[in-house]
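The values are calculated or read from the model by the stated rules, or taken from the named source; none is laboratory data. Only a predicted model underlies this, so the values are computations on that prediction, with no experimental measurement involved. No Cβ is skipped: glycine too gets one built from the backbone with ideal geometry, and neighbour counts run over all protein chains shown. Accessible surface areas use protein heavy atoms only, side chains included; no ligands, DNA or RNA. Shrake-Rupley method; radii C 1.70, N 1.55, O 1.52, S 1.80 Å.
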Amino acid sequence: MITSLTFPRMQCIKTGKVVICPDCKKEIDVLQLEYGDNKKEIIPACECFFRRQKEHQETLRLQEKIERMEKVFPTWLLGKKFQQCSFDNFIVREGTKQVYKVTREYAKNFPPKKGSGLLLMGSVGNGKSHLAAAIIREVKNKGYFAIFANVPDTLSRIRATFDQGSEETESQMLDALRDADLVILDDLAVEKQTDWKMEIIYQIIDSRYRAELPIVITTNANMAQLRKCIGDRTFDRISEMCRFLVNRGTSYRQDRR
């Protein structure tokens with residue numbers, strides 16, 4: 001036979017007393033907890049305590065996210081040359097003034113509204129990758145996580161995840177490229193594209209498009225060549241996401257020679 005149990009009524013009422021939160025100095029009502037014949041005064045936690053807890057949890061979540069992406073795209077992948085690139089050591093030459101101004105403002109005002117990005121077009125060696133790396137430098141200095149992904153190398157790494165015994169997985173790489181605060185796709189469409197490569201590039205760009213996260217792209221191709229290499233649907237995504245900039249500077253390396 002099951003006997004039902006009756007518990008004393010519990011209620012919590014204000015006492016009219018207040019205490020001052022030692023952290024935010026806000027008044028907190030002292031409450032009286034009544035449970036049957038028992039009465040006890042309690043001081044509830046201040047709102048600022050729960051706000052700090054929430055902020056702490058968010059900080060831990062962001063740290064875990066950054067550590068996860070850093071394992072897949074560590075800073076050293078940028079290479080010694082590009083790690084040294086900045087806006088201050090970029091040599092502004094004829095034809096580069098406008099793209100230099102726009103990219104510097106972009107980095108200064110990061111993050112952009114609704115994930116707007118940039119597409120830097122121009123001939124080989126005229127400083128597109130330098131400016132992209134300078135953006136990375138500025139964005140990271142502001143505390144954001146940014147990935148500099150050379151497209152041919154990144155596609156090769158993703159392809160290598162199919163090999164037995166690979167320590168990386170395709171999903172790890174694509175997740176990082178989707179979730180980073182900024183992704184630089186360097187040297188897009190510099191090689192012949194296969195259907196598989198076109199699909200991976202579309203997945204990367206489309207995932208950031210849907211999340212309204214920014215992307216900066218460098219390419220040696222003109223618009224017609226780029227559309228042919230990456231396909232109409234990827235080109236349309238980029239056209240909506242990015243401001244197109246043409247770097248009309250000549251090759252810095254050839255000028256030096």
Legend entry - Given charges at Cβ of Lys, Arg, Asp, Glu: segment 1-100 dipole, positive-most of Pro74, Thr15, Tyr35: Pro74
Inset, instruction - Evaluate the charge dipole of the chain about its Cα centre and quote only its size in Debye, nearest 20, assuming +1 on the Cβ of each Lys and Arg and -1 on the Cβ of each Asp and Glu. - result: 980
Inset, instruction - Inverting the mean 1/r over all pairs of different Cα atoms, compute the Kirkwood radius of the chain and quote it in Å. - result: 21.9
Inset, instruction - Roll a 1.4 Å probe over the protein chains and send me the accessible area per residue for the chain in Å². - result: 62
Legend entry - Kirkwood-type radius of segment 178-244, with distances r between different C-alpha atoms, in Å: 12.0
Legend entry - Listed residues Asn141, Asn220, Asn38, most fluctuating in the chain (Gaussian network, C-alpha, under 10 Å): Asn38
Inset, instruction - Classify segment 114-190 as rounded, prolate or oblate from the Cα gyration tensor: take a ≥ b ≥ c as the square roots of its eigenvalues, call it rounded if a/c is under 1.5, otherwise prolate when a/b beats b/c and oblate if not. - result: oblate
Legend entry - Alpha-carbon centroid distance for the pair segment 18-36 / segment 130-207, whole angstrom: 52
Legend entry - Expected-Rg normalisation [2.2 N^0.38 Å, Cα atoms] applied to segment 46-103: 1.91
Inset, instruction - Relative to the compact-globule scaling 2.2 N^0.38 Å, provide the ratio for the alpha-carbon radius of gyration of segment 12-133. - result: 2.00
Inset, instruction - Calculate what fraction, in whole %, of the accessible area of segment 147-193 sits on carbon and sulfur atoms when a 1.4 Å probe is rolled over the protein chains. - result: 40
Legend entry - Which of His56, Val102, Thr161, positive extreme of dipole for segment 36-172 (C-beta unit charges): Val102
Legend entry - Interchain or long-range residues, amide H under 5 Å from Asp181's placed H: Phe145
Inset, instruction - Highest first, please rank the peptides 127-138, 55-66, 112-123 by the mean number of other Cβ atoms sitting within 10 Å of their residues. - result: 127-138, 112-123, 55-66
Inset, instruction - Could you give the spread of the C-alpha atoms of segment 116-257 along their three principal axes, from largest to smallest, in whole angstroms? - result: 46, 36, 33
Inset, instruction - May I ask which of Lys71/Lys108; Lys97/Lys228; Lys101/Lys140; Lys108/Lys228 have a Cα-Cα span longer than 23 Å here? - result: Lys71/Lys108; Lys97/Lys228; Lys108/Lys228
Legend entry - Cysteines, the chain, no other Cys beta-carbon under 4.7 Å: Cys12, Cys85, Cys229, Cys242
